[in-house]
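J.: I have a structure here, written as structure tokens, and I will follow up with some questions on it.
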Amino acid sequence: MVAGIGVTLLVIAAVTLPPRPAPEPTQTASLSDAEALTIVAHEMRSPAAAERVMTEGQPRFEDGSWYISVGGAHFHFTQRNRIVVADDPPAIQLEYTP
């Protein structure tokens with residue numbers, strides 16, 4: 001009888017537990033690599049810098065943010081607000097190169 005009650009409680013607990021939540025939309029990439037590169041290239045001040053981002057850029061998506069490396073320059077933006085941030089001096093130099 002005690003075993004039956006234990007099994008019943010176990011079944012009730014298993015049935016009433018909420019399902020595992022789906023990942024948040026910001027945690028899954030909604031852009032392609034080319035689209036991420038285009039967003040960063042759009043922020044460059046010169047066509048030459050934008051072309052370099054498009055040809056040499058290496059995109060990576062992790063935890064809701066895109067990280068773009070162009071040689072020694074590194075940029076990132078969150079998938080939600082898409083504001084490009086230069087992470088280091090080479091990125092700032094690339095962004096503002098005439």
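The values are calculated or read from the model by the stated rules, or taken from the named source; none is laboratory data. Computed from a predicted structure; not experimentally measured. Using ideal geometry, Cβ is built from the backbone for each residue, glycine included, and neighbour counts are taken over all protein chains shown. To get the accessible areas, we keep the full protein, side chains included, count just its heavy atoms, and leave off ligands, DNA and RNA. Shrake-Rupley method; radii C 1.70, N 1.55, O 1.52, S 1.80 Å.
J.: For the Cα atoms of the chain, what angle does the longest principal axis make with the long axis of helix 33-42, in degrees from 0 to 90, nearest 10?
T.: 40 degrees
J.: Once every DSSP H run of n ≥ 4 in the chain is given -39500 (n - 2.57) and the sum is divided by its residues, what mean residue ellipticity at 222 nm do you get, rounded to the nearest 500 deg cm²/dmol?
T.: Details: 4 runs with 43 residues, N = 98.
Result for the chain, helices only: -13000 deg cm²/dmol.
J.: Which angle from 0 to 90°, rounded to the nearest 10, does the C-alpha axis of helix 47-56 make with the longest principal axis of the chain?
T.: Helix 47-56 sits roughly 50 degrees off the main axis of the chain.
J.: Follow-up question, since we're still on this one. For the Cα atoms of the chain, what angle does the longest principal axis make with the long axis of helix 2-16, in degrees from 0 to 90, nearest 10?
T.: Roughly 30 degrees between the two axes.
J.: If you don't mind, there's one more thing I want to ask. Counting C-alpha atoms alone, how compact is the chain: give Rg to one decimal and Dmax as a whole number, in angstrom.
T.: 23.0, 82
J.: Still on this model: Under a plain spin-label model, where a point goes 7 Å from the Cα along Cα-to-Cβ, how far apart in nm are residue 88 and residue 43?
T.: That separation, rounded to one decimal, is 1.6 nm.
J.: Could you do me a favour and compute the accessible area per residue for the chain, 1.4 Å probe, result in Å²?
T.: On the way: 6750 Å² over 98 residues.
Ligands and nucleic acids excluded, the result is 69 Å² per residue.
J.: Once you list every other residue whose beta carbon is under 13 Å from the beta carbon of residue 75, what net charge do they have if Lys and Arg are +1 and Asp and Glu are -1? Walk me through the numbers on the way to the answer.
T.: Values: positive: 52, 60, 82; negative: 43, 56, 87, 88, 95.
That works out to -2.
J.: Give a quick list of trypsin sites (Lys or Arg not before Pro) in the range 26-71 that DSSP marks as loop, anything other than H, G, I, E or B, with at most 16 other Cβ atoms within 10 Å.
T.: Numbers: sites: 45, 52, 60; in loops: 45.
Within the range 26-71, the qualifying trypsin sites (Lys or Arg not before Pro) (loop, at most 16 other Cβ atoms within 10 Å) are 45.
J.: Here's another thing I want to ask about it. Considering only 46, 4, 91, whose Cα is most displaced toward the positive end of the charge dipole of the chain, charges sitting on Cβ of Lys, Arg (+1) and Asp, Glu (-1)?
T.: 4
J.: Sticking with this one: Calculate what fraction, in whole %, of the accessible area of the chain sits on carbon and sulfur atoms when a 1.4 Å probe is rolled over the protein chains.
T.: 62 percent
J.: Report the relative contact order of the chain, percent, no decimals, based on alpha-carbon pairs under 8 angstrom and at least 6 residues apart.
T.: On the way: 124 pairs, mean separation 21.7, N = 98.
Answer for the chain is 22 percent.
J.: Right, something else. What order do you get for 82-91, 61-70 when each peptide is scored by the mean count of other beta carbon atoms within 10 Å, highest first?
T.: Working: 82-91: 14.4, 61-70: 16.4.
Descending mean neighbour count gives 61-70, 82-91.
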